[in-house]
Amino acid sequence: MKKYLFIFSLLSTMVMAQETPILLFPDGAPGETTKLKQKDDLSGNKVAGCPVLRISDVSEPTLTFFPAPADNNSGATIIVNPGGGYNILAYNLEGTEICKRFNSHGVNCVLVKYRVPRREGLEKHQAPRRPFSGHGEQQLCRAYIPAGR
């Protein structure tokens, strides 16, 4: 029951927040020993003339809800996990831009800012730290999608 109350609470917050990140682990992510200072970098190569927001040192995973416009909302919701090759998240190119494109087609999005594993003293491509089990965001989306859709 507590799990469903948490999901409902998180969902309610997301619907009201609309594009406001929700911290998944307010007391610290499992297995995380230090809080890293997130780095946002726009100085790398551009794609189609636009800078790519590369986020590194993510130790606090978040979910951000991007709702489709009310007049075009199909009720469908997808989860977007931006790529980046273990060191960074290509947050705008493979995250917010994707969400906005799906929104224009009536699809809600949940954007995941997950932990990237690069930590001082560890190998470059060591297995990623898991932000959560993978079931939490699916349950959240299922709770959001209206019945019959």
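Each value in this text was obtained by applying a stated rule to the coordinates, not by laboratory testing. If you're wondering where the values come from, they're calculated on a predicted model, not measured in any experiment. Virtual Cβ from ideal backbone geometry, glycine too; neighbours counted across all protein chains shown.
Just flag the chymotrypsin sites (Phe, Trp or Tyr not before Pro) in the range 12-107 sitting in loop per DSSP whose Cβ has no more than 16 other Cβ atoms within 10 Å. Spell out each step's value before the answer.
On the way: sites: F65, Y86, Y91, F102; in loops: Y86, Y91.
Listed in order of number, the matching sites are Y86.
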Between the modelled labels at E32 and S56 (7 Å from Cα along Cα→Cβ) the distance in nm is 1.8 nm
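Give me T33, T20, T77 ranked fewest to most by other Cβ atoms within 10 Å of their Cβ, as a rough exposure proxy.
T33, T20, T77
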In nm, the gap between the two label points placed 7 Å beyond Cα toward Cβ at A70 and K46 is 3.8 nm
Long-range amide H partners of V80, meaning residues 5 or more apart or on another chain whose placed amide H is closer than 5 Å, are V110, L111, V112
Placing each pseudo-label 7 Å from Cα in the direction of the beta carbon, I78 and E120 end up separated by a distance in nanometres of 3.9 nm
The long-range amide H neighbours of V52, using H built 1.01 Å from N in the peptide plane and a cut-off of under 5 Å, are G44, V47
